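Only one structure is covered here, and it is reproduced in the block below.
The values are calculated or read from the model by the stated rules, or taken from the named source; none is laboratory data. Predicted, not measured: the structure shown is a model, and the values here were computed from it. Here Cβ is always computed from backbone atoms with ideal geometry, including for glycine, and neighbour counts include all displayed protein chains.
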Amino acid sequence: MKLMVVGHPFLVAYNQQKYVVMKRLDKDLRLRLVVPTRWRERFEPTDYQVHPELSAEEVVPLKPRAGKSLMTYLYDPRLLVKCLREFQPDVIHLDPGEPQALMTVETIMLQRIYAPSAAVTLWTVDNLLRPRGFPLGVLKKRLRAYSLPRADAVLCCNRRAAELLKEEGRFNGICEVLPQYGLDTTEHQPGKEPELRAQLGLGESLVIGHVGQMVERKGLRLLFEALGNLLHYPWKLLLVGSGPLDQEIREQWMAKLPGRIVLVPAVPYEQVNRYLRCVDIFVLASQSVPYWQEQFGLALAQAMMLGIPSIGSTSGSIPEVLGPGGLLFEEGRSADLQKRLSALLDSAGMRKQLGDQARRFALQHYTREGIASRYMGAFEKVRCNHTGERDGKK
């Protein structure tokens, strides 16, 4: 199979590992990753990279044009045409491939002219499908009306995205729920990081952890409020990430909770597991807002794979990601979160039980090999169906 993947997340070598695993699973797989030359990744401009197990030919950097957001950027069409003409893929996978994104529409339009035999698959996280006012609402509907009927499959990050796609009624092809990435089980072995804990000043405290963007919708203020009522426990809070709330955390919350909060700027993807191994309880307290609700929560899946008992809110897809591997609380309810935290801080036995359950669930659902195999199965199914339909029309 000749697979072309178009998407900005794969300018990072760590994220390319999903396709490295696919190549191991299928020795005949030929690959092209079409990525931006540069992208703002986790608030920092990042130049494209090439994974050591991929060749320079397999990662094709194209300079993005027009807008700089996920929905508005485009590639230079001449260079994208060159990729399509020379490679002639069997399957083109847009990841992310929101149907209303200009890059999605651009790729499909060019595919139909320059690689007409290719099947097209999209990966979407949209679990709100929120309406837009005029004229954006009209434009969004028209772009989706163009893209969806021309796609052979849509792979959804969560169940709600799949439900909304069905309710919308514009797509009748293959639809599956698949996380964007899988996790390397070798990297995510349970254990401790005593040297790193000491370096961070965590000592013998019970460490509550959060990894991700420091933004309001991640429920950090709610977490601070809940922990402020649990000062009789010997906890410390480890925050790993960067974002707009950095200054507020340093100036306000560290003063209110002196000696309790350790804030570490965003670390490279491959180091996240080390910091998570310093954590005794992981919390993802996301709060839905009109334009967003939690779409997956990769750090939550990582914590579970490491056997860390976790607490999650009911925002978006958190309940389905968490499964039996942790405790849920009603999003936005500080008292409910406080109750769950208190239960885990009180009981080492409960922490051990939930951590074991979390790891078992993660090993069943989130391994990199398992996810890669499911993607390969979806691509092969789409390719066969598309070839059959094309041959049937001849």
Checklist entry - Looking at the stretch 229-251, which of the residues that are surrounded by 11 or more Cβ atoms within 10 Å (Cβ to Cβ) and hydrophobic (A, V, I, L, M, F, W, C) is farthest from residue 213 (Cα to Cα)? => result 230
Item to check | Check on residue 138, farther than 22 Å from residue 289 by Cβ and modelled with pLDDT under 95 | outcome: yes
Checklist outcome for this item: Selection from the stretch 222-248 of residues in contact with a Phe, Trp or Tyr (Cβ under 8 Å, 6 or more places away or on another chain) and either in a loop (DSSP other than H, G, I, E, B) or farther than 19 Å from residue 345 by Cα (or both) yields 240, 242, 243
Checklist entry - If you go through the stretch 282-326 one residue at a time, how many are within 24 Å of residue 128 (Cα to Cα), touching a strand residue (DSSP E or B) at 6+ places or on another chain (Cβ under 6 Å) and of a type in the set (A, V, I, L, M)? => result 8
Item to check | the stretch 22-57 - residue that is acidic (Asp, Glu) and within 27 Å of residue 215 (Cα to Cα) and, of those, modelled with the highest pLDDT | outcome: 47
Checklist entry - If you go through the stretch 247-261 one residue at a time, how many are in contact (Cβ under 8 Å) with a residue 24 or more places away in the chain and touching a strand residue (DSSP E or B) at 6+ places or on another chain (Cβ under 8 Å)? => result 5
Item to check | Odd one out for residue 376, checked against (1) surrounded by fewer than 21 Cβ atoms within 10 Å (Cβ to Cβ); (2) under 28 Å from residue 18 (Cβ atoms); (3) assigned by TED's automatic domain parsing to the domain that holds residue 212; (4) not basic (Lys, Arg) | outcome: (3)
Checklist entry - Any idea which of 155, 238, 202 is assigned by TED's automatic domain parsing to the domain that holds residue 261, modelled with pLDDT of 95 or more and within 25 Å of the chain's Cα centre (by Cα)? => result 238
Next on the checklist: Whether any residue in the stretch 217-224 is small (Gly, Ala, Ser) and assigned by TED's automatic domain parsing to the domain that holds residue 141 is what I want to check.
Outcome noted: no
Item to check | Of all residues in the stretch 96-140 being touching a Pro at 6+ places or on another chain (Cβ under 9 Å) and among the charged types (D, E, K, R), the one that is farthest from residue 315 (Cα to Cα) | outcome: 106
Item to check | Enumeration of residues in the stretch 6-25 that are more than 19 Å from residue 184 (Cβ to Cβ) and either assigned by TED's automatic domain parsing to the domain that holds residue 270 or not in a helix (DSSP H, G or I) (or both) | outcome: 6, 7
Next on the checklist: Take residues that are buried (at least 23 other Cβ atoms within 10 Å of the Cβ) and tell me which of the strands (runs of 3 or more DSSP E) falling wholly in the stretch 252-326 contain 1 or more.
Outcome noted: 281-284, 310-313
